[in-house]
1. For the pair D:A333/D:L186, report the inter-label distance in nm, with labels modelled 7 Å from Cα in the Cβ direction.
2. Could you give the length gained by full extension between D:L141 and D:F273, i.e. 0.36 nm per residue of separation minus their alpha carbon distance, to one decimal place?
3. How many Å³ per residue does the convex hull of the Cα positions in segment B:3-88 occupy?
4. In degrees from 0 to 90, rounded to the nearest 10, what is the angle of the helix C:26-47 Cα long axis to the longest principal axis of chain C?
5. Rounded, prolate or oblate, given the Cα gyration tensor of segment D:253-329, with a/c below 1.5 counting as rounded?
6. Mind giving me the FRET efficiency for B:L11 and D:V44? R0 is 56 Å, r the Cβ-Cβ distance, nearest 0.05 is fine.
7. How much of the pair distance distribution for chain A lies past 34 Å, counting alpha-carbon pairs only, in percent?
8. Compute the distance in nm between two label points, each set 7 Å from the Cα along the Cα-to-Cβ direction, one at D:A35 and one at A:A23.
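A short reminder: the numbers here are calculations on the coordinates, not readings from a lab. No experiment lies behind these values; they were computed from the predicted model shown. Backbone-built Cβ (ideal geometry, glycine too); neighbour counts: all protein chains shown.
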Amino acid sequence: MTLVLAIVVPLVAAFLIPVFHLARKTLPVSLIGIMGLISLSASMAAAYAGWFSPEVSLLGGWAPEIGIVLVADRLSSAFLLITGIGSGAALACALEKFGGGPWRFYAIFFLLLGSMNGILLTGDLFNLFVFYEIFSVAAYLLVAFSMSWQALEAGLKYLVLGTIGALFILLGTAFTFMATGILNMALLSEALVSVPRETLTAISACLVLGLTIKTGAFPVHFWLPDAHSSAQTAVSALLSGVLVKVSIYALMRVCFLFFLETNGTVFLAITVIGSLSALGGHLMALRQDDIKRLLAYSTVAQIGYILIGVGCASAAGAAAAVFHSFNHMLMKMGLFIAAGNVSDEKGTREICKLTGLWKEKPFWVLGFTVLSAAIVGIPPLNGFMSKWFIILSSAGAGTVIPALVIAAGTVISAAYYLRVLSAFVSPGESDQEDPFKSSPRKVRSKIVSLTIVGSFAMFCLALGIMAFSPFSREYFSSIGRTAVDVGAYVGLVTGR
Amino acid sequence: MSLAFMVFLYLFLIATALVISAIGDILSAVITLSVFGILLATAFAILQAPDVALTQAVINSGIVTALFLVAFSQTERPPCYDKEEEKEE
Amino acid sequence: MITLSYVTSVIIFCIGLYTIMARRNLFKTVLGLALMESAILLIIVSSGYIPGGVPPIEPFMGPAVNPLPHAFTLTAIVIGASDIALALAFIIKLQRHYRSVDLDRIRGLRG
Amino acid sequence: MSLSNLFDGINAPFLAAGLVLYISAVISGEWYFKAPGERVRFRVLVAAASAGSIGILSSGNWLLFVFFLEILTLSLWSMISMKEPRAALVYLLSQLAAAGLILVGTAGVYAHTGSLAIGPVPEPWRVFFMAGFGIKAAFPLLHFWLPEAHGKAPSPASALLSGFAVKTGILGLIRAFPEPFAPLVLIGTVMAFFGAFMAVFPRDIKRVLAYSTMSHLGFMTAAVGAGSGEIAAAYAFSHAMIKGNLFISAGIVEKTFGTRDIFALRGSGRLHFAAVAALTAGAFFAAGLPGTASYLLKNSVISSLGHTAPWWQPFMLTAAGMMAAGYLLNITAPLFFRDNSKNGTPKHEEGGNIIFAVLSVTILLLVIAADSFFPSILHAFRVDTGFTPASDKLEAFIASAAAGLIILLARLRLKGIPEQGLPDIKICLSMDEGPLYAFNRVSGCCHPGRLNTFVFVALVFLVLLMLTL
């Protein structure tokens, strides 16, 4: 029941917001905050239930062969936690920035939240596609929400590429259905073993292509830097921190369930995509002048790291991928919020003009420094540990090149993050004003955003140290074991 | 239904798709999309899916075409009218 | 007959893809998306077809065709329509800024 | 990680060197940095660096080793960037690359043996350790960062860099290759000679010292490759002492006279003997004259190569040792024996005489003490130097003559060469010209902003997927 609530509660909230809007033009912030809290606690309840006792709920009482199943195991729970924390932080930032004014924004936000929980919990391939589409439409709308021309262009490109990705997912689903006659993922993982090789090739190519486009990995990453850099601060943070992780969850779930035993080449392809993505993302980030675009390309690179972890096709690799997803959510959300706030106040996003910030707002710069050190992979922080786990699992899978790519990525990312930081700490420009510069807006002090950035930075430090203890490592590796244990998943769903 | 009819239908479908792709005029392409939708609905009906055929006829041939026409008319306006619109915004 | 459907839908899918890739007009892009989507619908529906079957509507007068493909074709149609509607809305807004629906001019974001 | 690892025969020399160096760095930092803020920052950074160093020495597995290496790297980076942010960036990036390579190698070793413990590295993963520690220990072609960082850092930081940070590379090599390993001997020989050769030309004192460090690291690498890690460790200790002294006294000279250019410093010894004395004394001990610890150790390295080594390896090492005397003479002799009246006297800072005198005499005494007690220290470290000149007398003589000839020829050409010495390979790294810039231009085309292209790429990607899966 908790699983259904995790999906239904945010959808109800999304429905209630327009209704409330009819009564009052500006919604009170506390109302949306309470709705957010209730929705998030619903998804946390699902995560809790799934973590300690894997749970299945059959919708409408139909058997898993016919009806739709919701499943929560440790992998889903981990991602529910990631999305819960991330979307909570984004909601807090948005409430602080916009107040209760733009009711449409919050309606879309809750729609997104519900569909994300749907993707994370569903055990049915077609249902996954449906939730994925709701999720994508909400994401397109959020990207374009500011209605600036950059946002609209990014939204349109995201929409076209995303729809093509969705069509390929639909095609893959159709092929799967034609080959086996079932849509339940657990049953499919058994049925696909007996499917002929050529059909399997078509299915895996379509599914991997569609999910890769949605993830934003390198060869088809084009929408990602546009969308992440054009959206508003809270949305950028949400996109980079949470939405990408949901796509990665879908990729992990589908690939581990379907292709672990049937088509091992898929994982090789994912490793190659991941390596390309890491290298390409870092190299493209190196040449950016726009701070948000730089962070967006850095996201492409980090997706590459996660995909390298997924491509190891082992419990260790999956655990490392989940751990890095969590870390990346913390780091990149914090970075986007910090960068968005300082660039809003400076009135520009060009790195070379963001000078003198160390004097003006030391706390923001400090938070940015810690988080960027974490994402580069500086030792006491969590980025180092997750990178190490990915390298370890990659070497364990017998491939060295991805590990070398990660090592090279550390160097490149250090170069570009240091460029940003040195701009921040360099003395500010003199009094002469650039006539073309848009005037810096007077912005309220952002205490909530600052708290979020600060606590994320602390969290990074804590996780980096925690990762050394065998106790917490046992927790993480249990996620990985759950992810690759197809038999247990099938047993869970079918009740065998 | 005879196979010959099916072949004919599918050939016609492909032909309309080609027209949609190739024709320079957007308005004609949109109207052809409506025809394409109706043909597809017919094919669905023959493939024993009357429910899908109905939905296809209503949504794809009706609503989507209407949306296209609205969007097309919105973007093909005289420039003076456009400027006024922007001032209002 | 099913093979015929499959061949047709593959051809239509390719035409849609080609339209997106080769045409510079944004409306053509969206039309291409619509074509691709219709092709996939055709694949799904024909996969549920049984020669000599009846529609899955009670009362059954013989072997009913699989109802599941129909259910998810309906969903896919609605989803596709919403995607297209959203794309058209974006196009209208973008045209106000660029004064054009030409993809070669709508490329402010690059690099 | 346990403290018992700290005191084995290999670690003890490094620990002793670190102890002396960190104390002297703190003392000289108090005097070197004038602004209070800088002083506090330097103290904090030295504390962080020493924590990292203790961690490196006491860690029992490779992961912790890298972990603490990076802490050391970061604090040194911050020290260098107090003066030269650009050189610091090169230093940081190169060291991160080194740490990444070692990390990959460690992961491979773990996959191979199931253990992270520090120890001999199995065959397929050796190359990563060699490359990683090679960057740390400035192997030829991987040394691009060394002259920059050593030459441009604040003097106390240079002392730490040259005295301890590069030695961590040697420590890692000793741990990873306890058995004789021929490629390392080859690399070490080439490196010793190359460093000595490059050190002949620059006019900047600290740059000369930087290349000298590279040359000495070559000796240590050769010793590691010959399988005698104890000699390398002892050499590291001796070299750390001497280089610490040299860099700190170079800092004294720089502070006193406002320049490090040997042309401008001509005759400065007569003006201010105390400031120059420490440098000269250090140079005397570093030159490897008979009777000093350097002489003993260089010969130990050469003899440890054994008779199986090809003839040119001891030859080149001997020549490199001889050239050390030459290049150090290059930077110390003009201080006393040349007159610089035509350029005017260099800047001469009044009022610090007593401090300089005390500091230089202290360092001098420290070096003399370390040097004269060296055999007993070696005994305490349980090192058997086994001093037997391996190369016969004639070969040594020819090598010395060749070295002298090179130095003489170089001296004749010295006027035409820029202040920074011969051009090095760091151009490859710079953003403004070089491969990175070229790549930057190309990658601009990677995101054209055109939707058709995006879809086309996706289609190509699909075809590739279809073909591979």
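1. About 3.7 nm, to one decimal.
2. 43.7 nm
3. Numbers: hull volume 6.9 nm³, N = 86.
Expressed per residue, the convex hull around the Cα atoms of segment B:3-88 is 80 Å³.
4. Roughly 10 degrees between the two axes.
5. prolate
6. 0.10
7. Result for the distance tail: 31 percent.
8. A separation of 6.0 nm, rounded to one decimal place.
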